[in-house]
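The values are calculated or read from the model by the stated rules, or taken from the named source; none is laboratory data. This structure is a prediction, so every number in the text was calculated from the model and none was measured. Because the Cβ atoms are built from the backbone with ideal geometry, glycine has one as well, and the counts that use them run over all protein chains shown. When the accessible area is computed, the model is the full protein with side chains, heavy atoms only, and any ligands, DNA or RNA have been set aside. Shrake-Rupley method; radii C 1.70, N 1.55, O 1.52, S 1.80 Å.
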Amino acid sequence: MSTPSLADLPVRRLTPRDVKLCADLSEDRGWPREEHKWGLLLSAGQGYGIDDPAGGLVAACTVTSYGTSERPELAAIGMVLVAGRHARQGVGRRLMQEILALLEASPIALHATPNGQPLYEELGFKTVGRAEMVRGPFRASGPAPSVPTRAATAEDLPALLRLDAEVFGPDRTHMLTRLPAFADQLRVAESPSGELIGYAAAWPNMDTHVIGPLVAQDTETAKSLVASLAAGTDRDLRTDIDVRHEELLTWIKSQGVAPITFNAVMTRGIPELPGDWKRRFAPLTVAAG
């Protein structure tokens, strides 16, 4: 029996049962396995993949939609991966084209690596910003940030969701309600009057803790949330910060967290990301916004 060509292999929906296959694909391309993150993305969003007749996946990606289920206000594409043995054969382009057809007119956002950016530009995406990935051990030095923070409780959820709707824009309740189980830490910052003015999570990813989302009314509040999360872990920190937040980036690097790389923030169907970038410091993950 002849082996089907790549062009004939169908795209299928992935489910949480496919986490191991997705992690194997990540490892194949030299990425961390990130099974914890794959599990979130495949449960809170949709995964799409192409099965390899020889075993494993030829390619995969995830889509996380926000807003109403009838008409998403934003769809975030992430984890676009093609197995090394099938690279440079048009598989990634074909998968993206099928996903774009499924999303129809929905506004779309993604974070692109330098290698992926040219393909996304050909598919109609425009670069609207940049995020800088930083990683390393957090070694507190200098004056401590001044905004009090505390561990979040179940009673904070309504206020947290209201703040997030102001800052992020489209409703992402289905993602944020998973944070208490997904993250190792979830902290909030309050004003002297008790108003919730920021929140952040630290979730485990291989040997690091990723900080995201990071939402705060100002840079001092963002610093306080980062410092309080860092105090609760002995792992390296990792996060992706909007480069317009220069003060936060300068500060976190001064605490020992090193610059790693830049990703392009790209959109299709909208001129820029919705919401208030001045209070949105870092995404939950670049794969989901």
Worksheet item: How about segment 12-45: which of its residues are in a strand (DSSP E or B) and buried (at least 19 other Cβ atoms within 10 Å of the Cβ)?
Response: LEU14
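What residue, among those in segment 152-163 that are touching a helix residue (DSSP H, G or I) at 6+ places or on another chain (Cβ under 9 Å) and open to solvent by 60 Å² or more (accessible area, probe 1.4 Å), is nearest to PRO72 (Cα to Cα)? Give the derivation first.
In the first step, residues of segment 152-163 are kept if they are touching a helix residue (DSSP H, G or I) at 6+ places or on another chain (Cβ under 9 Å); the result is 152, 154, 157, 160-161.
Retained after the next criterion (residues that are open to solvent by 60 Å² or more (accessible area, probe 1.4 Å)): 154, 157.
Details: ALA154: 27, LEU157: 22 Å.
Within segment 152-163, the match that is nearest to PRO72 (Cα to Cα) is LEU157.
In segment 78-95, which residue that is of a type outside the set (Lys, Arg) and without any contact (Cβ under 8 Å) to a residue 40 or more places away in the chain is least open to solvent (accessible area, probe 1.4 Å)?
The extreme case among them is GLY92.
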Item to complete: Determine the pairs where a residue that is assigned to a loop (DSSP other than H, G, I, E, B) and open to solvent by 10 Å² or more (accessible area, probe 1.4 Å), located within segment 192-213, has a partner that is among the charged types (D, E, K, R) and at pLDDT 95 or above with Cβ atoms under 8 Å apart, the partner being 6 or more residues away or on another chain.
Response: MET206/ARG33; MET206/GLU34; ASP207/ARG235; ASP207/ASP236
Worksheet item: Are there any pairs with C-beta distances below 7 angstrom linking a residue in segment 36-55 that is without any contact (Cβ under 8 Å) to a residue 24 or more places away in the chain to a residue that is surrounded by fewer than 23 Cβ atoms within 10 Å (Cβ to Cβ), with the two at least 6 apart or on different chains, and if so which?
Response: GLY39/PRO16; GLY39/VAL19
Practice prompt. Give segment 225-255 a look and list any residue that's among the hydrophobic types (A, V, I, L, M, F, W, C) and under 24 Å from ALA112 (Cα atoms), or say none.
Written response: LEU237, ILE241, VAL243, LEU248, LEU249, ILE252
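For segment 104-151, list the strands (runs of 3 or more DSSP E) that sit wholly inside it and hold at least 2 residues that are open to solvent by 70 Å² or more (accessible area, probe 1.4 Å) and under 25 Å from LEU225 (Cβ atoms); which are they?
Correct list: 126-136.
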Worksheet item: In segment 61-89, how many residues are of a type outside the set (S, T, N, Q) and more than 14 Å from GLY116 (Cβ to Cβ)?
Response: 14
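Taking the options GLU166, GLU98, name whichever one is surrounded by fewer than 16 Cβ atoms within 10 Å (Cβ to Cβ) and in contact with a strand residue (DSSP E or B) (Cβ under 6 Å, 6 or more places away or on another chain).
Working: GLU166 fails: in contact with a strand residue (DSSP E or B) (Cβ under 6 Å, 6 or more places away or on another chain).
Criteria check complete, one pass: GLU98.
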Discussion item. Given the criterion in contact with a Pro (Cβ under 7 Å, 6 or more places away or on another chain), modelled with pLDDT of 95 or more and more than 12 Å from PHE281 (Cβ to Cβ), identify the matching residue among ALA227, ALA231.
Written reply: ALA227
Discussion item. Here is a check on your reading of the model: is ASP24 acidic (Asp, Glu), out of contact with any helix residue (DSSP H, G or I) (no Cβ under 7 Å at 6 or more places or on another chain), closer than 21 Å to HIS86 by Cβ and without any contact (Cβ under 8 Å) to a residue 40 or more places away in the chain?
Written reply: yes
Fill in: Among the residues listed as THR239, THR221, the single one being assigned to a helix (DSSP H, G or I), buried (at least 24 other Cβ atoms within 10 Å of the Cβ) and in contact with a strand residue (DSSP E or B) (Cβ under 8 Å, 6 or more places away or on another chain)
THR221
Item to complete: Please go through segment 46-75 and pick out each residue that is under 22 Å from the mean Cα position of the chain (by Cα), open to solvent by 20 Å² or more (accessible area, probe 1.4 Å) and among the small types (Gly, Ala, Ser).
Response: SER65, GLY67, SER69
Discussion item. Looking at segment 250-273 only, could you name the residues that are surrounded by 18 or more Cβ atoms within 10 Å (Cβ to Cβ) and either under 18 Å from the mean Cα position of the chain (by Cα) or without any contact (Cβ under 8 Å) to a residue 24 or more places away in the chain (or both)?
Written reply: ASN263, ALA264, VAL265, MET266, THR267, ARG268, LEU273
Discussion item. Suppose we filter segment 231-274 for residues that are touching a helix residue (DSSP H, G or I) at 6+ places or on another chain (Cβ under 6 Å) and either among the basic types (Lys, Arg) or closer than 18 Å to THR127 by Cβ (or both); how many remain?
Written reply: 3
Worksheet entry | Pair list, Cβ < 7 Å and 6+ apart or interchain, from segment 142-166 residues that are farther than 18 Å from LYS278 by Cα to residues that are open to solvent by less than 70 Å² (accessible area, probe 1.4 Å) and acidic (Asp, Glu) | PRO145/GLU220; SER146/GLU220; PRO148/GLU190
